[in-house]
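Worksheet: one structure, shown below.
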Amino acid sequence: MALTESRALPVGATAPDFSLPDTRTKTHVDREDFNGHPLLVVFMCNHCPFVVHLLDSLVERCAEFSQQGVSTVAISANDVISYPQDGPEPMAALAKTRNFNFPYLYDETQQVAKAFSAVCTPEFYLFDDNHALFYHGQWDSTRPGQGTANGNDVADAISLLLNDKPAPTDVRAAVGCSIKWA
């Protein structure tokens, strides 16, 4: 398990455009589909131990976030030649098994991950309703084998956003496995 830490992006950066297939529904999902609503973008994959560690918490908390008006999309950009378990069919199977209530998008060309400057899985980007970056960092401070994931860092950022408070300044970088580039 290779540890990679995310790079800081400036608060206020605009969410890159994307149009990617949802492995659950076989339809395309575009950034514009979320105009006027806060959006949580999660770069993840099926096999990363850091993702596996927080997956139950992610599904549960994203359902809560949805009820608060925050949409979520998960994106996998891993090279599926070297990591076939991260391909569209296994992604769809995982989404079904774990009851994802959010799209699980496949970034085959890896261009969307590059546009976001994403480097690891899992990596979290929270955008306001104008698609300006509000938070970029970790899910929480737990790690595989070290506590139960709870999503408190992202949940706290969402609370600040929804209550018109300033973006958090004491942000810890996302930590996980490197995106597997082709």
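The values are calculated or read from the model by the stated rules, or taken from the named source; none is laboratory data. The shown structure was predicted, so the numbers you read here are calculated from the model rather than taken from an experiment. For neighbour counting, all protein chains shown are included, and Cβ atoms are generated from backbone atoms with ideal geometry for every residue, glycine included.
If you check Thr142 against the conditions, is it free of Cβ contacts under 8 Å to residues at least 12 places away in the same chain, of a type in the set (Ser, Thr, Tyr) and within 16 Å of Leu54 (Cα to Cα)? Walk me through how you get there before you give the answer.
Details: free of Cβ contacts under 8 Å to residues at least 12 places away in the same chain: no; of a type in the set (Ser, Thr, Tyr): yes; within 16 Å of Leu54 (Cα to Cα): yes.
Criteria not met by Thr142.
Name, by its number, the condition in (1) farther than 24 Å from Gln68 by Cα; (2) out of contact with any Leu (no Cβ under 7 Å at 6 or more places or on another chain); (3) of a type in the set (D, E, K, R) that does not hold for Asp107.
For Asp107, the exception is condition (2).
Show me the strands (runs of 3 or more DSSP E) entirely contained within the range 6-80 in which 2 or more residues are among the aliphatic types (A, V, I, L, M) and without any contact (Cβ under 8 Å) to a residue 60 or more places away in the chain.
So the answer is 71-76.
Is it the case that some residue within the range 45-60 is closer than 22 Å to Ala182 by Cβ, loosely packed, with under 15 Cβ neighbours inside 10 Å and out of contact with any strand residue (DSSP E or B) (no Cβ under 6 Å at 6 or more places or on another chain)? Spell out the reasoning first.
Let us first name the residues in the range 45-60 that are closer than 22 Å to Ala182 by Cβ, namely 45-51.
Narrowing the set further to residues that are loosely packed, with under 15 Cβ neighbours inside 10 Å leaves 49.
When the remaining residues are screened for being out of contact with any strand residue (DSSP E or B) (no Cβ under 6 Å at 6 or more places or on another chain), the result is 49.
Yes: one or more hits.
Do we have Thr27 as loosely packed, with under 12 Cβ neighbours inside 10 Å, polar (S, T, N, Q) and modelled with pLDDT of 95 or more here? Spell out the reasoning first.
Numbers: loosely packed, with under 12 Cβ neighbours inside 10 Å: yes; polar (S, T, N, Q): yes; modelled with pLDDT of 95 or more: yes.
Judged against the criteria, Thr27 is a match.
Among the residues of the range 33-44 satisfying the criterion of being touching an Asp or Glu at 6+ places or on another chain (Cβ under 7 Å) and surrounded by fewer than 24 Cβ atoms within 10 Å (Cβ to Cβ), which is nearest to Thr148 (Cα to Cα)?
In this case the residue turns out to be Pro38.
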